[in-house]
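No lab work stands behind these numbers, since they all come straight from the coordinates. Predicted model, so just to flag it, every value in this text is computed and none were measured.
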Amino acid sequence: MEQRSSISPSSAVPHIIYFNKLDKNRAILLIKKYLTEYRINKEDSIQPFTESAIAKIGEEKEYNAAQMLGLAYMLLENAAKNNIKTIDVAEVTHMLKKSEIEVKTAENIIDENSSDLLNKANQE
């Protein structure tokens, strides 16, 4: 808490970098750059992704670069493992459903399931 930063839009602050959200075209460039960096052959392509698949990734991840790259990585790993040649919208949708984690929370923190760690430690 000692290193707090003001969230006011002061332009005089030199150590804050403001990023605009990506759009579809920049999302495609991001994925293309990511693929180019890790390809064995340095072709300039978005393959195995389709443009519509990248647009879907962007929409689902709200054009957040880190989250988009994380999903792209999962899709590439899945494609390599299952010999999928093209990653299209259907494949992105399938991966999103497969990786969806349902989080259920109680209305009140008192109602949450909890463990008494002190008692557990004393029992061991």
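Report the relative contact order of segment 24-98, percent, no decimals, based on alpha-carbon pairs under 8 angstrom and at least 6 residues apart.
After rounding, I find 32 percent.
What length, rounded to one decimal in nm, is gained on full extension from Glu100 through to Asp116, with 0.36 nm per residue of separation minus their alpha-carbon distance? Residue separation times 0.36 nm, minus the Cα-Cα distance, leaves 2.8 nm. On a per residue basis, the convex hull of the C-alpha atoms belonging to segment 28-85 measures out at 77 Å³.
Between the amide H of Phe49 and those of Ile87, distances stay under 5 Å, these residues lying 5 or more places away or on another chain, with hydrogens modeled in the peptide plane. What lysines does Lys97 reach when the alpha-carbon gap must be under 23 Å and sequence neighbours fewer than 8 apart in one chain are set aside? List returned: Lys24, Lys56, Lys61, Lys81, Lys85.
Across segment 36-50, computed HN-Hα scalar couplings (Karplus, 6.51 cos²θ - 1.76 cosθ + 1.60, θ = phi - 60°) run 4, 5, 10, 6, 6, 9, 7, 6, 9, 8, 9, 4, x, 6, 9 Hz from first to last residue, x flagging Gly and Pro.
Ignoring lysines fewer than eight residues from Lys120 along the same chain, the ones with Cα atoms less than 28 angstrom from its Cα are Lys104.
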